Amino acid sequence: MQSDPHARAQFLIDEALAAGIALDDERWLDGHIEGCAECSGYAELTAQIVRGLNALSFEADPAMTARVQDSLALRAQPRYRTAPAWRWAAIAAALLIALATPIYRNATARRRAAEMEREDTLLLERVKARVAQTLPEAMERLVRPGGDR
Amino acid sequence: MPFTEPAETEARRIARGLGRKDMALINQLVERYQYRLVRYLLYVMASRERVEDLVQETWLRVLDRGGQYDGRSRFEAWLFSIARNLAIDDLRKRQVASLDAPAADGENEAWAGEWTASDRSSPFLAAARSEDAVRLASALSALAPIYREALLLRFQEDLSLQEISGVVGAPVATISSRIHRGLGLLRSRWEGGSNAV
(Lines give C-alpha, C1' and ligand atoms only; values in the text may rest on other atoms or scores of the structure.)
Protein backbone atom coordinates (compact mmCIF):
# COMPACT_ATOMS: atom_id res chain seq x y z
CA MET A 1 0.00 0.00 0.00
CA GLN A 2 1.54 3.26 -1.08
CA SER A 3 2.15 5.80 1.72
CA ASP A 4 2.22 8.58 -0.84
CA PRO A 5 -1.46 9.48 -1.42
CA HIS A 6 -0.78 10.50 -5.01
CA ALA A 7 0.93 7.20 -5.79
CA ARG A 8 -1.91 5.38 -4.08
CA ALA A 9 -4.50 7.36 -6.02
CA GLN A 10 -2.79 6.74 -9.36
CA PHE A 11 -2.46 3.05 -8.62
CA LEU A 12 -6.16 2.86 -7.71
CA ILE A 13 -7.12 4.76 -10.88
CA ASP A 14 -5.41 2.11 -13.00
CA GLU A 15 -6.58 -0.76 -10.79
CA ALA A 16 -10.19 0.40 -10.99
CA LEU A 17 -9.97 0.06 -14.75
CA ALA A 18 -8.03 -3.19 -14.72
CA ALA A 19 -9.82 -5.22 -12.08
CA GLY A 20 -12.10 -2.99 -10.05
CA ILE A 21 -11.52 -1.69 -6.52
CA ALA A 22 -13.28 -1.99 -3.20
CA LEU A 23 -16.00 0.48 -2.30
CA ASP A 24 -13.90 2.02 0.47
CA ASP A 25 -11.02 2.58 -1.92
CA GLU A 26 -13.38 4.06 -4.46
CA ARG A 27 -14.73 6.54 -1.94
CA TRP A 28 -11.25 7.50 -0.83
CA LEU A 29 -10.17 7.94 -4.45
CA ASP A 30 -13.14 10.12 -5.33
CA GLY A 31 -12.35 12.34 -2.38
CA HIS A 32 -8.67 12.59 -3.27
CA ILE A 33 -9.27 13.37 -6.97
CA GLU A 34 -11.72 16.11 -6.05
CA GLY A 35 -8.96 17.94 -4.26
CA CYS A 36 -5.92 17.02 -6.35
CA ALA A 37 -5.38 18.53 -9.77
CA GLU A 38 -2.45 16.23 -10.55
CA CYS A 39 -4.37 13.04 -9.88
CA SER A 40 -7.48 14.45 -11.50
CA GLY A 41 -5.41 15.05 -14.64
CA TYR A 42 -3.97 11.55 -14.36
CA ALA A 43 -7.47 10.06 -14.16
CA GLU A 44 -8.68 12.11 -17.10
CA LEU A 45 -5.67 11.17 -19.25
CA THR A 46 -6.09 7.50 -18.44
CA ALA A 47 -9.78 7.64 -19.28
CA GLN A 48 -8.93 9.43 -22.52
CA ILE A 49 -6.47 6.69 -23.44
CA VAL A 50 -9.01 3.95 -22.78
CA ARG A 51 -11.60 5.84 -24.84
CA GLY A 52 -9.01 6.21 -27.58
CA LEU A 53 -8.34 2.49 -27.60
CA ASN A 54 -12.03 1.81 -28.04
CA ALA A 55 -12.21 4.38 -30.82
CA LEU A 56 -9.64 2.66 -33.01
CA SER A 57 -11.53 1.14 -35.91
CA PHE A 58 -9.81 -1.45 -38.05
CA GLU A 59 -10.79 -2.33 -41.56
CA ALA A 60 -11.68 -5.95 -42.01
CA ASP A 61 -11.81 -7.25 -45.56
CA PRO A 62 -15.37 -8.59 -46.00
CA ALA A 63 -14.13 -11.01 -48.67
CA MET A 64 -11.85 -12.57 -46.07
CA THR A 65 -14.86 -13.94 -44.22
CA ALA A 66 -16.12 -15.62 -47.39
CA ARG A 67 -12.68 -17.10 -48.08
CA VAL A 68 -12.51 -18.48 -44.55
CA GLN A 69 -15.96 -20.02 -44.86
CA ASP A 70 -15.00 -21.63 -48.17
CA SER A 71 -11.92 -23.14 -46.57
CA LEU A 72 -13.99 -24.47 -43.71
CA ALA A 73 -16.52 -26.02 -46.09
CA LEU A 74 -13.70 -27.73 -47.96
CA ARG A 75 -12.18 -29.04 -44.77
CA ALA A 76 -15.53 -30.32 -43.53
CA GLN A 77 -16.15 -32.43 -46.63
CA PRO A 78 -15.69 -36.18 -46.35
CA ARG A 79 -12.12 -36.82 -47.19
CA TYR A 80 -11.28 -38.79 -50.29
CA ARG A 81 -7.67 -38.52 -49.72
CA THR A 82 -5.19 -40.40 -51.81
CA ALA A 83 -3.63 -43.15 -49.79
CA PRO A 84 -0.29 -42.33 -48.28
CA ALA A 85 2.78 -43.40 -50.18
CA TRP A 86 3.55 -46.34 -47.92
CA ARG A 87 0.18 -47.87 -48.74
CA TRP A 88 0.85 -47.66 -52.44
CA ALA A 89 4.24 -49.23 -51.87
CA ALA A 90 2.64 -52.08 -49.94
CA ILE A 91 0.05 -52.64 -52.67
CA ALA A 92 2.73 -52.63 -55.34
CA ALA A 93 4.81 -55.10 -53.37
CA ALA A 94 1.82 -57.42 -52.93
CA LEU A 95 1.05 -57.30 -56.65
CA LEU A 96 4.64 -57.97 -57.49
CA ILE A 97 4.70 -60.97 -55.21
CA ALA A 98 1.42 -62.24 -56.58
CA LEU A 99 2.63 -61.98 -60.17
CA ALA A 100 6.12 -63.16 -59.52
CA THR A 101 5.23 -66.22 -57.48
CA PRO A 102 3.76 -68.37 -60.31
CA ILE A 103 6.49 -67.25 -62.65
CA TYR A 104 9.08 -68.23 -60.10
CA ARG A 105 7.40 -71.51 -59.39
CA ASN A 106 7.14 -72.22 -63.10
CA ALA A 107 10.76 -71.39 -63.63
CA THR A 108 11.76 -73.52 -60.66
CA ALA A 109 9.72 -76.43 -61.93
CA ARG A 110 11.26 -76.18 -65.36
CA ARG A 111 14.71 -76.01 -63.88
CA ARG A 112 14.05 -79.09 -61.82
CA ALA A 113 12.63 -80.90 -64.83
CA ALA A 114 15.66 -79.98 -66.84
CA GLU A 115 17.93 -81.12 -64.05
CA MET A 116 16.12 -84.41 -63.79
CA GLU A 117 16.29 -84.89 -67.51
CA ARG A 118 19.96 -84.13 -67.43
CA GLU A 119 20.47 -86.61 -64.63
CA ASP A 120 18.48 -89.20 -66.52
CA THR A 121 20.57 -88.58 -69.59
CA LEU A 122 23.75 -88.89 -67.63
CA LEU A 123 22.53 -92.09 -66.04
CA LEU A 124 21.60 -93.50 -69.40
CA GLU A 125 24.97 -92.63 -70.81
CA ARG A 126 26.68 -94.20 -67.87
CA VAL A 127 24.60 -97.31 -68.35
CA LYS A 128 25.37 -97.36 -72.05
CA ALA A 129 29.00 -96.89 -71.35
CA ARG A 130 28.94 -99.66 -68.87
CA VAL A 131 27.08 -101.87 -71.22
CA ALA A 132 29.40 -100.97 -74.01
CA GLN A 133 32.25 -101.87 -71.77
CA THR A 134 30.98 -105.15 -70.42
CA LEU A 135 28.88 -106.41 -73.30
CA PRO A 136 31.68 -106.93 -75.76
CA GLU A 137 33.36 -109.38 -73.41
CA ALA A 138 30.17 -111.33 -72.83
CA MET A 139 29.12 -111.26 -76.43
CA GLU A 140 32.50 -112.15 -77.69
CA ARG A 141 32.16 -115.58 -76.25
CA LEU A 142 28.82 -115.98 -77.94
CA VAL A 143 29.70 -114.65 -81.32
CA ARG A 144 33.24 -115.96 -81.66
CA PRO A 145 33.28 -117.78 -84.96
CA GLY A 146 33.46 -121.46 -84.22
CA GLY A 147 34.10 -120.59 -80.64
CA ASP A 148 31.86 -122.88 -78.67
CA ARG A 149 30.92 -125.30 -81.35
CA MET B 1 -34.84 -25.42 -12.12
CA PRO B 2 -31.58 -23.56 -11.48
CA PHE B 3 -31.23 -20.25 -13.21
CA THR B 4 -28.56 -20.24 -15.89
CA GLU B 5 -27.20 -16.99 -17.25
CA PRO B 6 -27.70 -16.45 -20.98
CA ALA B 7 -23.94 -16.20 -21.59
CA GLU B 8 -23.32 -19.63 -20.09
CA THR B 9 -26.14 -21.15 -22.08
CA GLU B 10 -24.78 -19.57 -25.25
CA ALA B 11 -21.32 -20.97 -24.60
CA ARG B 12 -22.74 -24.44 -23.99
CA ARG B 13 -24.79 -24.21 -27.17
CA ILE B 14 -21.67 -23.31 -29.11
CA ALA B 15 -19.78 -26.16 -27.47
CA ARG B 16 -22.45 -28.66 -28.49
CA GLY B 17 -22.51 -27.33 -32.04
CA LEU B 18 -18.74 -27.44 -32.38
CA GLY B 19 -18.72 -30.99 -31.09
CA ARG B 20 -21.15 -31.95 -33.86
CA LYS B 21 -19.18 -29.89 -36.40
CA ASP B 22 -22.35 -27.93 -37.14
CA MET B 23 -21.27 -25.93 -40.18
CA ALA B 24 -24.18 -23.50 -39.98
CA LEU B 25 -23.14 -22.62 -36.44
CA ILE B 26 -19.48 -22.36 -37.39
CA ASN B 27 -20.27 -20.00 -40.26
CA GLN B 28 -22.29 -17.85 -37.85
CA LEU B 29 -19.34 -17.78 -35.46
CA VAL B 30 -17.04 -16.69 -38.28
CA GLU B 31 -19.35 -13.83 -39.17
CA ARG B 32 -19.83 -12.80 -35.57
CA TYR B 33 -16.23 -13.00 -34.35
CA GLN B 34 -14.20 -12.34 -37.49
CA TYR B 35 -13.61 -8.63 -36.86
CA ARG B 36 -12.57 -9.23 -33.26
CA LEU B 37 -10.25 -12.02 -34.27
CA VAL B 38 -8.63 -9.85 -36.94
CA ARG B 39 -8.28 -7.00 -34.46
CA TYR B 40 -6.71 -9.30 -31.87
CA LEU B 41 -4.15 -10.60 -34.36
CA LEU B 42 -3.38 -7.07 -35.53
CA TYR B 43 -2.66 -6.08 -31.95
CA VAL B 44 -0.37 -9.03 -31.46
CA MET B 45 1.38 -8.95 -34.84
CA ALA B 46 1.33 -5.13 -35.33
CA SER B 47 1.17 -5.80 -39.04
CA ARG B 48 -1.38 -6.97 -41.58
CA GLU B 49 1.14 -9.33 -43.06
CA ARG B 50 0.26 -12.94 -42.21
CA VAL B 51 -2.94 -11.91 -40.40
CA GLU B 52 -5.27 -13.43 -43.00
CA ASP B 53 -3.33 -16.69 -42.98
CA LEU B 54 -3.49 -16.80 -39.20
CA VAL B 55 -7.20 -15.98 -39.22
CA GLN B 56 -7.84 -18.87 -41.57
CA GLU B 57 -5.68 -21.27 -39.58
CA THR B 58 -7.47 -20.25 -36.41
CA TRP B 59 -10.90 -21.07 -37.80
CA LEU B 60 -9.69 -24.34 -39.28
CA ARG B 61 -8.39 -25.29 -35.88
CA VAL B 62 -11.74 -24.32 -34.34
CA LEU B 63 -13.37 -26.75 -36.78
CA ASP B 64 -10.86 -29.53 -36.20
CA ARG B 65 -10.72 -29.20 -32.40
CA GLY B 66 -14.20 -27.99 -31.64
CA GLY B 67 -14.72 -30.98 -29.38
CA GLN B 68 -12.13 -29.56 -26.99
CA TYR B 69 -14.24 -26.48 -26.24
CA ASP B 70 -16.37 -27.31 -23.24
CA GLY B 71 -18.45 -24.15 -23.00
CA ARG B 72 -17.27 -23.33 -19.47
CA SER B 73 -15.60 -20.13 -20.64
CA ARG B 74 -16.66 -17.59 -23.21
CA PHE B 75 -16.09 -18.69 -26.78
CA GLU B 76 -13.98 -15.65 -27.62
CA ALA B 77 -11.50 -16.51 -24.87
CA TRP B 78 -10.97 -19.96 -26.42
CA LEU B 79 -10.82 -18.44 -29.90
CA PHE B 80 -8.15 -15.92 -28.87
CA SER B 81 -6.10 -18.61 -27.13
CA ILE B 82 -6.01 -20.61 -30.39
CA ALA B 83 -5.05 -17.49 -32.35
CA ARG B 84 -2.38 -16.63 -29.80
CA ASN B 85 -0.72 -20.03 -30.05
CA LEU B 86 -0.71 -19.83 -33.83
CA ALA B 87 0.72 -16.31 -33.73
CA ILE B 88 3.49 -17.42 -31.37
CA ASP B 89 4.34 -20.37 -33.62
CA ASP B 90 4.40 -18.04 -36.61
CA LEU B 91 6.67 -15.55 -34.85
CA ARG B 92 9.03 -18.35 -33.76
CA LYS B 93 9.23 -19.68 -37.28
CA ARG B 94 10.24 -16.23 -38.41
CA GLN B 95 12.79 -16.17 -35.58
CA VAL B 96 11.31 -13.25 -33.71
CA ALA B 97 11.46 -13.10 -29.90
CA SER B 98 8.65 -14.74 -27.93
CA LEU B 99 5.56 -12.80 -26.87
CA ASP B 100 6.09 -13.99 -23.33
CA ALA B 101 9.72 -13.17 -22.81
CA PRO B 102 10.44 -11.83 -19.28
CA ALA B 103 9.01 -8.42 -18.62
CA ALA B 104 12.14 -6.58 -17.57
CA ASP B 105 11.74 -2.96 -18.55
CA GLY B 106 14.86 -2.66 -20.64
CA GLU B 107 14.20 -5.89 -22.49
CA ASN B 108 10.67 -4.99 -23.40
CA GLU B 109 11.71 -1.66 -24.76
CA ALA B 110 14.25 -3.41 -26.95
CA TRP B 111 11.73 -5.99 -28.15
CA ALA B 112 9.22 -3.28 -28.83
CA GLY B 113 11.49 -2.30 -31.65
CA GLU B 114 11.12 -5.74 -33.20
CA TRP B 115 7.40 -5.31 -33.67
CA THR B 116 7.23 -1.59 -34.11
CA ALA B 117 5.45 -0.93 -37.32
CA SER B 118 6.67 1.94 -39.41
CA ASP B 119 4.16 4.76 -39.62
CA ARG B 120 3.35 3.73 -43.14
CA SER B 121 2.51 0.14 -42.28
CA SER B 122 1.10 0.46 -38.77
CA PRO B 123 -2.41 -0.96 -38.63
CA PHE B 124 -3.03 1.28 -35.61
CA LEU B 125 -2.31 4.43 -37.53
CA ALA B 126 -4.54 3.20 -40.31
CA ALA B 127 -7.27 2.76 -37.72
CA ALA B 128 -6.89 6.25 -36.23
CA ARG B 129 -9.73 8.62 -37.03
CA SER B 130 -8.62 11.73 -35.14
CA GLU B 131 -5.48 13.58 -34.16
CA ASP B 132 -5.59 12.13 -30.66
CA ALA B 133 -6.13 8.68 -32.11
CA VAL B 134 -3.07 9.14 -34.30
CA ARG B 135 -1.00 10.00 -31.24
CA LEU B 136 -2.36 6.99 -29.38
CA ALA B 137 -1.78 4.73 -32.38
CA SER B 138 1.90 5.74 -32.54
CA ALA B 139 2.27 4.96 -28.86
CA LEU B 140 0.48 1.64 -29.31
CA SER B 141 2.74 0.62 -32.19
CA ALA B 142 5.77 1.07 -29.95
CA LEU B 143 4.48 -1.16 -27.16
CA ALA B 144 5.60 -4.75 -26.80
CA PRO B 145 2.84 -7.13 -27.94
CA ILE B 146 2.26 -8.52 -24.43
CA TYR B 147 1.11 -5.06 -23.29
CA ARG B 148 -0.95 -4.37 -26.38
CA GLU B 149 -2.58 -7.76 -25.98
CA ALA B 150 -3.43 -7.18 -22.31
CA LEU B 151 -4.90 -3.74 -23.03
CA LEU B 152 -6.97 -5.02 -25.94
CA LEU B 153 -8.35 -8.00 -24.08
CA ARG B 154 -9.23 -5.91 -21.04
CA PHE B 155 -10.53 -2.68 -22.52
CA GLN B 156 -11.83 -3.66 -25.93
CA GLU B 157 -12.80 -7.27 -25.46
CA ASP B 158 -13.89 -6.62 -21.86
CA LEU B 159 -12.47 -9.90 -20.61
CA SER B 160 -11.89 -10.28 -16.89
CA LEU B 161 -8.37 -10.72 -15.58
CA GLN B 162 -9.14 -14.41 -15.01
CA GLU B 163 -10.28 -14.82 -18.60
CA ILE B 164 -7.22 -13.01 -19.93
CA SER B 165 -5.09 -15.23 -17.72
CA GLY B 166 -6.69 -18.25 -19.42
CA VAL B 167 -6.05 -16.89 -22.89
CA VAL B 168 -2.47 -15.88 -22.23
CA GLY B 169 -1.46 -18.65 -19.86
CA ALA B 170 -0.02 -16.27 -17.30
CA PRO B 171 -1.08 -15.66 -13.68
CA VAL B 172 -3.69 -13.02 -12.92
CA ALA B 173 -1.10 -10.93 -11.09
CA THR B 174 1.04 -10.87 -14.24
CA ILE B 175 -1.92 -9.77 -16.34
CA SER B 176 -2.70 -6.99 -13.87
CA SER B 177 0.92 -5.91 -13.97
CA ARG B 178 0.91 -5.82 -17.77
CA ILE B 179 -2.22 -3.68 -17.84
CA HIS B 180 -0.75 -1.22 -15.35
CA ARG B 181 2.52 -1.16 -17.23
CA GLY B 182 0.80 -0.81 -20.60
CA LEU B 183 -1.29 2.13 -19.41
CA GLY B 184 1.81 3.73 -17.92
CA LEU B 185 3.75 3.40 -21.16
CA LEU B 186 0.90 4.81 -23.20
CA ARG B 187 0.56 7.74 -20.82
CA SER B 188 4.23 8.58 -20.92
CA ARG B 189 4.37 8.31 -24.72
CA TRP B 190 1.18 10.35 -25.04
CA GLU B 191 2.56 13.05 -22.79
CA GLY B 192 5.90 12.84 -24.52
CA GLY B 193 4.17 13.35 -27.82
CA SER B 194 2.16 16.32 -26.58
CA ASN B 195 5.28 17.87 -25.04
CA ALA B 196 7.08 17.54 -28.30
CA VAL B 197 4.46 19.62 -30.10
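The values are calculated or read from the model by the stated rules, or taken from the named source; none is laboratory data. Everything numeric in this text was worked out from a predicted model, so none of it was measured. All Cβ positions, glycine included, derive from the backbone under ideal geometry; neighbour counts span all protein chains shown. The protein model used for the area step is the full one, side chains on, heavy atoms only, and it has no ligands, DNA or RNA in it. Shrake-Rupley method; radii C 1.70, N 1.55, O 1.52, S 1.80 Å.
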Checklist line | Residue-level accessible surface for A:I91, protein heavy atoms, 1.4 Å, Å² | finding: 80
Margin query: If packing is taken as the average number of other Cβ atoms within 10 Å across a peptide's residues, how do B:26-39, B:70-83 rank, most packed first?
Written below: B:70-83, B:26-39
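Roughly how crowded by other chains is peptide A:44-50, in terms of the mean Cβ count from those chains within 10 Å of each of its Cβ atoms?
On the way: counts 0, 6, 5, 0, 4, 13, 6.
Taking the mean over all residues of the peptide, I get 5.
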Notebook entry, point to check: In what order, largest first, do A:K128, B:K93 sit by accessible area if the probe radius is 1.4 Å?
Noted result: B:K93, A:K128
Next item on the list: Could you check which residue among A:P102, A:P62, A:P136 shows the biggest mean-square fluctuation in a GNM of chain A with a 10 Å Cα cutoff?
Entry: A:P136
Item checked: Approximate spin-label separation A:R126-A:N106, in nm, with each point projected 7 Å along Cα-to-Cβ -> 3.4
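Accessible area lost on pairing B with A, both sides, 1.4 Å probe, Å² to nearest 100? Please list the in-between numbers first.
Numbers: alone 10720 and 13110 Å², together 20360 Å².
In total, this chain pair buries about 3500 Å².
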Notebook entry, point to check: To the nearest 10 square angstrom, how much accessible area does B:R187 have with a 1.4 angstrom probe?
Noted result: 20
Next item on the list: Give me the distance between the Cα centres of segment B:126-197 and segment A:11-78, rounded to whole Å.
Entry: 8
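Just the number please: accessible area per residue for segment A:5-76, 1.4 Å probe, all protein chains included, in Å².
Accessible area per residue: 51 Å².
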Check: What does the average come to when, for each residue of peptide B:167-178, you count the partner chain Cβ atoms lying within 10 Å of its Cβ?
Finding: 1
Notebook entry, point to check: How would B:M45, A:M139 line up by accessible area, probe 1.4 Å, largest first?
Noted result: A:M139, B:M45
Check: How much solvent-accessible surface does B:R13 expose, in Å² to the nearest 10, with a 1.4 Å probe and all protein chains in place?
Finding: 90
